[in-house]
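This report concerns only the one structure given below.
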Amino acid sequence: MIEYVGVLMFLAAGALLAAAATTVSGLVAPHNPTREKLMPYECGENPVGSPWGVQFNIRFYVFVLVFLIFDVEAVMLVPWAVVLKELGTPALIAGFIFIGMLVLGLADVWRKGDLEWVREEERAALKTAPKNAKAA
Amino acid sequence: MGLKRPDLETKISNLLSPLVVAGAGGALVLIALVPQLAALIREQLQANLSPTAAAVAASAIGVGATVFLVGQLPVFLIWFERKVAAHIQDRLGPMRVGWHGVLQSFADGIKLVFKEDIIVNGADRFLFKLAPFLVLMGAFSAFAVLPWHTGLVVSDLNIGLLYVVAITSLGSIGLLMAGWASNNKYALYGGMRSAAQMVSYEIPTAIVILSVVVQVGSLNLQDVISAQLGGFGNFANWHIFRLYGLNVIGFVLFFICGLAETNRSPFDIPEAESELVAGFHTEYSGIRFGLFFLAEYGAMFFVAGLTVVLYLGGWSGPFFEGPLVFFIKTLALVFVQMWLRWTLPRLRVDQLMALCWKYVIPFAFLVLLVAALASAGAS
């Protein structure tokens, strides 16, 4: 476990460097806030509404769901990849079945059009009603 | 008439430029000598301390040296990038501060420290301050497992590659946090986009790394390099030349994913200035902005270094081997990253996602399957 001391030290060094830099800067930098300076930047206009009220493309959610599945899969594949050379063909077949199911899932998501940023039917809707359409 | 008396700035510049150039040269010599130095230090430590204390002290020295290098590298890389950009666009780039502008980055760094640090109204102050810390810690601690030579690695973890995949995602949390805490619409959009991009490209990164792991049978980065030693001219066994040329696809995919993971152009939509001002760091100023910059260039160097370890034989080379070989190979890849930035236009967000899910992931699976077949067949 002694190797992990280096990892902890690196984390500490990163935090320490950032802390030192911000402390030094806090000592020497001027501090003269004004109302305009503290306003969130919106191309020089007064900000309209809260940024936490903006709408997001629902597609982000779909991508995160698919990502979650694949990430768990990647974690499952790590030990398989390490011992594959020793275990040989049986492990190979097992791994291929596992990956095959995932690729089927990806193909299904693809076929349903969830990998498109703008779906076909949405694109059609945008064409017919351009005035009500909101860009993501 | 006669010559004008040089002003103070010219004098300082004339004095410092040779120092900086000599310092860079000295650093290269020092990097080449690191194995001898490390052996010397290790000997001394083991003679004077208990084994545990010696190991801890050795890693402390390693951490100090690496952090110093990684902290100084961006200063050089930013100057280098500006020069590369300028010459690609038929300009000269920074020329005023020092010889061919070598002092420009130092001047900019000093400027950033002296700039006012603004936290906008309504920002989440705690998260706003925490975000650069997380990004910097993520970028630095990845260097813990990067091997520079035999036995010359700070933490020789047996799960090295898994650790790399895990620790680099700390940065994406930091970016999302920065975007969320800024109370700014551009920043929030930038943060969300960068999170979506980084998680999407994490999958092909992991799969391509696994395709190398399957061929090596270990997650340790030193084992990955020792699997590439030997062969014709000491470079024929590099992974890029193996697996019937299919590893070239893996190499290209990994390079693409590396660009996307570090938010480098053509994948820099999280900070696309033409649509999002500056993305997640729109509201950051002064030294906090500088920390993001530092982390970005550190991550760039790390991704290039990891590519070298996985595919280009790490510190091994045809005539020489050692830290300097590794360093030069990595810098060459960093140059390619810069070259691409000033050559390719930025992708749109839908093209970016389509590229990842429809092209990169299927091809990554293909490389993994062939690699698995080859290595299971060989046993």
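Residues that are free of Cβ contacts under 8 Å to residues at least 40 places away in the same chain and closer than 30 Å to B:GLU271 by Cβ within region B:191-249 comprise B:MET192, B:ALA195, B:VAL199, listed in sequence order.
Across region A:86-100, the number of residues qualifying as at the interface with chain B (Cβ under 9 Å from one of its Cβ atoms) and open to solvent by less than 90 Å² (accessible area, probe 1.4 Å) comes to 7. If the condition is being facing another protein chain (nearest Cβ under 9 Å) and either loosely packed, with under 10 Cβ neighbours inside 10 Å or in contact (Cβ under 8 Å) with a residue 24 or more places away in the chain (or both), then region A:35-47 contributes A:ARG35, A:CYS43. Considering (1) touching a Gly at 6+ places or on another chain (Cβ under 9 Å); (2) in a helix (DSSP H, G or I); (3) more than 22 Å from A:LEU38 (Cα to Cα), the lone condition that B:PRO147 does not fulfil carries the number (2).
Kindly indicate whether B:LEU344 is within 14 Å of another protein chain (Cβ to nearest Cβ) and at pLDDT below 90. First the steps, then the outcome.
Values: within 14 Å of another protein chain (Cβ to nearest Cβ): no; at pLDDT below 90: yes.
Criteria not met by B:LEU344.
For A:VAL83, the test of being within 9 Å of another protein chain (Cβ to nearest Cβ), open to solvent by 80 Å² or more (accessible area, probe 1.4 Å) and β-branched (Val, Ile, Thr) is failed. Annotation: of all residues in region A:71-80 being at pLDDT below 85 and within 7 Å of chain B (Cβ to nearest Cβ), the one that is farthest from B:VAL349 (Cα to Cα) is A:ALA74.
Across region A:51-64, the number of residues qualifying as at pLDDT below 80, open to solvent by 50 Å² or more (accessible area, probe 1.4 Å) and more than 8 Å from every other protein chain (Cβ to nearest Cβ) comes to 3.
Residue-wise test of (1) of a type in the set (Gly, Ala, Ser); (2) more than 30 Å from B:ARG91 (Cβ to Cβ); (3) touching a residue at least 12 places away in the same chain (Cβ under 8 Å).
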| site | (1), (2), (3) |
| --- | --- |
| B:GLY313 | yes, yes, yes |
| B:LEU333 | no, no, yes |
| B:TRP339 | no, no, yes |
| B:ARG348 | no, no, yes |
| B:ALA354 | yes, yes, no |
| B:LYS358 | no, yes, no |
| B:PHE365 | no, yes, yes |
| B:LEU368 | no, yes, yes |
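Looking at A:ALA15, A:ALA21, can you tell me which residue is in contact with a Gly (Cβ under 8 Å, 6 or more places away or on another chain) and within 7 Å of chain B (Cβ to nearest Cβ)? Steps first, please.
Working: A:ALA15 fails: in contact with a Gly (Cβ under 8 Å, 6 or more places away or on another chain).
Matching residue, one of A:ALA15, A:ALA21: A:ALA21.
Scanning region B:88-103 for residues that are among the β-branched types (Val, Ile, Thr) and in a helix (DSSP H, G or I) yields a single hit, B:ILE88. Scanning region A:87-112 for residues that are over 20 Å from B:VAL208 (Cβ atoms) and touching a residue at least 24 places away in the same chain (Cβ under 8 Å) yields one hit, A:VAL109. Scanning region A:1-34 for residues that are small (Gly, Ala, Ser) and either in a helix (DSSP H, G or I) or open to solvent by 60 Å² or more (accessible area, probe 1.4 Å) (or both) gives A:GLY6, A:ALA12, A:ALA13, A:GLY14, A:ALA15, A:ALA18, A:ALA19, A:ALA20, A:ALA21, A:SER25, A:GLY26.
Tell me the helices (runs of 4 or more DSSP H) entirely within region A:39-130 that contain at least 1 residues that are of a type outside the set (S, T, N, Q) and within 30 Å of B:LEU161 (Cα to Cα). I'd like the intermediate steps shown before the answer.
Values: elements: A:59-87, A:89-111, A:120-128.
Once the helices (runs of 4 or more DSSP H) in region A:39-130 are filtered for at least 1 residues that are of a type outside the set (S, T, N, Q) and within 30 Å of B:LEU161 (Cα to Cα), what remains is A:59-87, A:89-111.
The values are calculated or read from the model by the stated rules, or taken from the named source; none is laboratory data. Keep in mind it's a predicted model, so treat the numbers as computed, not measured. Because the Cβ atoms are built from the backbone with ideal geometry, glycine has one as well, and the counts that use them run over all protein chains shown. Heavy atoms of the whole protein, side chains included, go into the accessibility calculation; ligands, DNA and RNA do not. Shrake-Rupley method; radii C 1.70, N 1.55, O 1.52, S 1.80 Å.
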